[in-house]
Amino acid sequence: MIKVAACQYHIDLLPNWEAYADHLTALCEEAAGQGADLLLLPEYAGLVLTGLLPEAERGDLHGSIAGIQPLLPRWLALCEQLARRLNVHLMPGSVAVLDDDGVYRNRAWLFGPQGNLGSQDKLIMTRFEVEHWHIAAGNGLKVFDTALGKLGILICYDNEFPLLAHTLAEAGVDLILAPSCTDTVAGFHRVRIGAQARALENQIAVLHSPTVGLAPWSPSLDEGYGRASLYVPSDYGMPASGIVAESDELCPERSHWLICELDLDEVRRVREQGQVFTRRDWPRQLDDGRLVLR
């Protein structure tokens with residue numbers, strides 16, 4: 001049994017690095033203080049750092065992500081220090097990172113009590129990221145083999161594509177972390193429906209963390225809607241809805257943690273003793289004749 005914490009992360013304007021560090025530290029200490037083993041923050045949570053820039057720079061869509069690049073080593077060091085000190089696994093959200101090839105990518109890191117466990121890039125980009133922001137897709141999926149279990153990360157839109165989660169599930173992942181940043185209620189529901197479908201078809205768990213709040217100072221994080229959630233298969237011993245827990249509000253005025261217990265052994269049991277075997281039966285849809293139109 002593990003205790004997982006997904007943050008409805010409110011986008012706050014913070015005046016300097018010290019205020020940001022205090023903000024992130026207090027947030028992580030709150031969840032760890034309630035016994036959470038795993039802390040998940042949303043997609044682009046790292047872009048709160050753009051609030052530390054001069055007003056004109058933080059208000060520029062492209063200039064803001066360029067402006068925070070010198071801050072990222074300090075941010076990563078803070079996240080690693082928090083994971084070590086609090087003895088937790090921390091996924092502090094993603095951020096746009098300028099790679100050596102001159103291209104920005106949307107990247108998330110996972111930290112554990114032993115330090116940095118690696119990163120996962122977003123693989124399928126939204127129209128906004130491609131057409132307006134010029135953020136490129138990453139390549140490849142990573143399995144994080146931790147003391148809590150095998151974890152994977154699918155960032156926002158990636159949860160809407162079945163083969164990505166299926167690849168992770170086939171590699172032994174029992175829990176997918178699904179950070180998101182959606183500026184409409186419809187966008188939240190797209191990710192929510194996708195994440196819950198991935199839990200159903202692969203008979204795994206998916207933990208979802210969204211950005212929330214109104215931030216007119218940021219051209220990238222100006223609006224956020226979503227509920228933090230934990231999804232599992234709808235089957236014996238699991239909630240009939242497939243929803244273990246879900247936060248109440250779509251757009252609260254401050255950050256909130258959704259903290260709940262998750263028994264990954266029970267999730268694995270469903271794959272062996274469930275009412276249905278969607279994971280096992282996945283290849284049947286590919287049998288000869290299944291996909292032929294008649």
request  = Answer yes if at least one residue in the stretch 34-47 is over 16 Å from the mean Cα position of the chain (by Cα), over 19 Å from residue 70 (Cα atoms) and open to solvent by 30 Å² or more (accessible area, probe 1.4 Å), and no otherwise.
outcome  = yes
request  = Kindly state which strands (runs of 3 or more DSSP E) lie completely within the stretch 182-272 and contain at least 1 residues that are under 30 Å from residue 62 (Cα atoms).
outcome  = 205-214, 256-262
request  = Have a look at 237, 224 and point out the one that is open to solvent by less than 10 Å² (accessible area, probe 1.4 Å) and more than 21 Å from residue 162 (Cβ to Cβ).
outcome  = 224
ask   = Any idea which of (1) under 26 Å from residue 14 (Cα atoms); (2) aliphatic (A, V, I, L, M); (3) buried (at least 21 other Cβ atoms within 10 Å of the Cβ) is the one residue 125 doesn't satisfy?
value = (1)
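Mind listing whichever residues of the stretch 174-197 are under 18 Å from residue 266 (Cβ atoms) and either buried (at least 24 other Cβ atoms within 10 Å of the Cβ) or basic (Lys, Arg) (or both)?
Within the stretch 174-197, the subset under 18 Å from residue 266 (Cβ atoms) is 174-176, 196.
Selection gives 175, 176.
Residue-wise test of (1) charged (D, E, K, R); (2) within 19 Å of residue 175 (Cβ to Cβ); (3) surrounded by 14 or more Cβ atoms within 10 Å (Cβ to Cβ); (4) without any contact (Cβ under 8 Å) to a residue 12 or more places away in the chain.
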position	(1), (2), (3), (4)
252	no, no, yes, no
256	no, no, yes, no
268	yes, yes, yes, no
279	yes, yes, yes, no
283	no, no, no, yes
287	yes, no, no, yes
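Kindly indicate which of 43, 30, 18 is modelled with pLDDT of 95 or more, under 24 Å from residue 105 (Cα atoms) and not small (Gly, Ala, Ser). Show your work before the answer.
On the way: 30 fails: under 24 Å from residue 105 (Cα atoms); 18 fails: under 24 Å from residue 105 (Cα atoms).
The unique qualifying residue is 43.
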task = Could you list, in sequence order, all residues of the stretch 190-216 that are touching a Cys at 6+ places or on another chain (Cβ under 9 Å) and either within 15 Å of residue 10 (Cα to Cα) or without any contact (Cβ under 8 Å) to a residue 12 or more places away in the chain (or both)?
result = 209, 210, 211, 212, 213, 214
task = Kindly indicate whether residue 60 is in contact (Cβ under 8 Å) with a residue 60 or more places away in the chain and touching a strand residue (DSSP E or B) at 6+ places or on another chain (Cβ under 9 Å).
result = no
message = As an exercise: evaluate residue 74 against (1) open to solvent by 60 Å² or more (accessible area, probe 1.4 Å); (2) over 16 Å from residue 25 (Cβ atoms) and give the number of the one condition it does not meet.
response = (2)
key: Number of the exception - residue 59 against (1) open to solvent by less than 40 Å² (accessible area, probe 1.4 Å); (2) touching a Phe, Trp or Tyr at 6+ places or on another chain (Cβ under 7 Å); (3) of a type outside the set (Asp, Glu)   = (1)
key: Residue satisfying all of: in the stretch 198-215; open to solvent by 10 Å² or more (accessible area, probe 1.4 Å) and aliphatic (A, V, I, L, M); nearest to residue 256 (Cα to Cα) among these   = 214
ask   = Can you tell which of 140, 102 is modelled with pLDDT of 95 or more, open to solvent by 40 Å² or more (accessible area, probe 1.4 Å) and over 19 Å from the mean Cα position of the chain (by Cα)?
value = 102
request  = May I ask you to list pairs of residues, at least six apart or on different chains, whose Cβ atoms are under 7 Å apart, with the first in the stretch 7-22 being under 16 Å from residue 254 (Cα atoms) and the second being open to solvent by 30 Å² or more (accessible area, probe 1.4 Å) and assigned to a strand (DSSP E or B)?
outcome  = 7/257; 8/256
query = Would it be correct to say that residue 155 is under 11 Å from the mean Cα position of the chain (by Cα), of a type outside the set (Gly, Ala, Ser) and surrounded by 24 or more Cβ atoms within 10 Å (Cβ to Cβ)?
reply = yes
Members of the stretch 13-50 that are within 16 Å of residue 214 (Cβ to Cβ) and in contact with a Lys or Arg (Cβ under 8 Å, 6 or more places away or on another chain) = 50
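The values are calculated or read from the model by the stated rules, or taken from the named source; none is laboratory data. No experiment lies behind these values; they were computed from the predicted model shown. Counting neighbours? That spans all protein chains shown, and the Cβs are built from the backbone with ideal geometry, glycine included. The protein model used for the area step is the full one, side chains on, heavy atoms only, and it has no ligands, DNA or RNA in it. Shrake-Rupley method; radii C 1.70, N 1.55, O 1.52, S 1.80 Å.
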